[in-house]
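Bear in mind these aren't lab numbers, they're just calculated from the coordinates by the rules spelled out. Keep in mind it's a predicted model, so treat the numbers as computed, not measured. We place every Cβ from the backbone using ideal geometry, glycine too, and count neighbours over all the protein chains shown.
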Amino acid sequence: MASEVALKNVDNACETAEEFTRVFYKQVDNSRHLTSKLYLDTGLLVWNGNGINGNDKIQKFLMDLPASNHVLKTLDAQPISENVVSNKLTYLIQACGDVTYQNDDGKKPFQQTFLIVAVDGKWKIASDCFRLQVPYNQS
Amino acid sequence: IGFDVSEDLSLPSRQQSFLIDPAGQNLVREFLTQYFAIYDSDSRQPLLEAYHETATMSMAAGYLSNEGRNVPGNKLNAYISNSRNIMRITDRESRRRYLRTGRLQVVSFLSDLPKTNHDLMGFAVDLLVFTPAMIVLTMNGVYRETTSYGNPTRSFHRTFVIIPNATGGFSITNDMLFVSNTTKEQEDKSFSGGEVAPSSSTSAAPVATIAATPSYDE
């Protein structure tokens, strides 16, 4: 029922997600000083509930995190309807796995959701939501 | 002579919720309360109302670790067989098929997942986009399977993309779900805000108070 164009967009979302996460985690783990280039100037990072707006601030925030090693275990991606995002190609990506931080005890499961948008032939992160898999109850 | 590397970095403290716009607080709370009241009820069919006609939904499931994978309560068989983990599902045809498309297909898929009771008070909610055209929110938390043997708890991460609809309400256009086992720490703290009986009525349980002010990095 879905048009061939829509189906191709599904293929493309998946293939872009594979390439994007390969680049993203390599940068975060090995060349973190370059990571903010992957975000829109007005990009948003929400790290365990802490919101950081704009790629300058995101860069500073990331540099203050301990060195990390991410191992991806599951990945999923969907296109967002172009009617919703004013004809900009936008993908929703969900990446889950384990992260190990320097000087920290063992690996921690994490889940991360990205909204990426095509701008002038480059993929940019519009928003990035990172959550460690821990209890969030206030009690 | 040493190197100027920062070795005493620690992880920033975690917050239960983030709101890009405080104006979205009530809407998000109401939406989630209503959604999960139905999701946790005997029938998920009424969720048809919550989805856009052309909505897409996908679910990926993964084990927390290799340990305990064979303990009966840890088995994620009910999810794994439908998991759209594209690291494993590599051919295009299957990737298309595992993406549920259209509200009927979406709700039919959701109806086949195990029955649940979500720990709404323990939800971490992040409102990432809140504009007149589009709302994006993520949830992290745990739920209990209510009719499965041993009533195991599961950990989930979920994202909704929501748009306003013609009748003044809202419709989900994208739904992405990740399901895993709970950690020991999650298990110990689950439902510590009180157990809410699964209800089939609309007198729903409150979602945890979402922080009233956005917490920006200084």
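Points to keep in mind about this one:
- When the alpha carbon gyration tensor of the stretch A:1-73 is reduced to an equivalent ellipsoid, the three semi-axes, largest first, read 28, 15, 11 Å.
- Sorted largest first, the spans of the alpha carbon positions of the stretch B:25-136 along the three principal axes are 43, 35, 29 Å.
- When the helices of the protein assembly as shown are scored as -39500 (n - 2.57) per DSSP H run of n ≥ 4 and the total is divided over every residue, the value at 222 nm lands at -6500 deg cm²/dmol.
- Inter-label distance, A:E15 to B:A166: 3.6 nm, where each label sits 7 Å from its Cα along the C-beta direction.
- Under Karplus coefficients 6.51, -1.76 and 1.60, residue-wise ³J(HN,Hα) of the stretch B:43-53 in Hz, glycine/proline x: 10, 8, 3, x, 5, 3, 5, 7, 9, 5, 3
- Chain lengthening between B:T90 and B:L11 when straightened (0.36 nm per residue, less Cα-Cα): 25.0 nm
- Per-residue average of Cβ from other chains inside 10 Å of A:47-56: 6
- Label-point separation in nm, B:D188 to A:D41, each point 7 Å along Cα→Cβ: 4.8 nm
- P(r) histogram, all alpha-carbon pairs of the protein assembly as shown included - 10 Å bins from 0, percent: 5, 25, 37, 25, 7, 1, 0
- For the residues A:V23, A:V117, A:V84, a GNM of chain A with alpha-carbon springs under 10 Å puts the largest fluctuation on A:V84.
- Fraction of beta bridges assigned by DSSP in the protein assembly as shown that are antiparallel (%, nearest 5): 80 percent
- Which listed pairs, of A:K88/A:K108; A:K107/B:K184; A:K60/B:K184; A:K26/A:K108; A:K26/A:K73; A:K73/A:K124, have C-alpha distances above 25 Å, in listed order: A:K88/A:K108; A:K60/B:K184
- Panel note: the C-alpha atoms of the stretch B:125-166, placed on their principal axes, show extents of 44, 23, 8 Å (largest first).
- Label zone at A:R22, where the point sits 7 Å out along the Cα-to-Cβ direction: the stretch A:92-116 residues whose backbone N lies under 11 Å: none
- Whole-Hz couplings from phi, Karplus 6.51/-1.76/1.60, listed for the stretch A:82-92; x for Gly and Pro: 5, 5, 7, 10, 6, 6, 8, 5, 9, 10, 9
- Note on the stretch A:19-139: semi-axes of the ellipsoid equivalent to its C-alpha gyration tensor, largest first and rounded to whole Å, are 24, 16, 14.
- The mean sequence distance of close C-alpha pairs (under 8 Å, at least 6 residues apart), as a share of the length of the stretch A:9-122, puts its relative contact order at 21 percent.
- By DSSP, the beta bridges lying fully in the stretch B:1-146 are antiparallel in about 80 percent of cases.
- With the simple model of a label 7 Å out from the Cα in the direction of the Cβ, A:L7 to B:E30 spans 4.1 nm.
- Hydrodynamic radius of the stretch A:46-106 by the Kirkwood approach over all distinct alpha-carbon pairs: 14.4 Å.
- Candidates A:Q102, A:G121, A:P135 compared by Cα position along the dipole of the stretch A:95-139: farthest toward the positive end lies A:G121, with charges placed on Cβ.
- ³J(HN,Hα) computed for each position of the stretch B:120-127 - Karplus, 6.51 cos²θ - 1.76 cosθ + 1.60, integer Hz, glycine/proline x: 4, 5, x, 4, 9, 10, 10, 9
- Counting only the Cα atoms, the stretch B:72-189 fills a convex hull of 143 Å³ per residue.
- Amide H contacts of B:K115 (H built 1.01 Å from N, in plane; Pro and chain starts excluded): B:T146, B:T147 sit under 5 Å, all sequence-distant by 5 or more or on other chains.
- Cα long-axis angle, helix A:4-30 against chain A (0 to 90 degrees, to the nearest 10): 20 degrees
- Antiparallel DSSP beta bridges within chain A, percent to nearest 5: 90 percent
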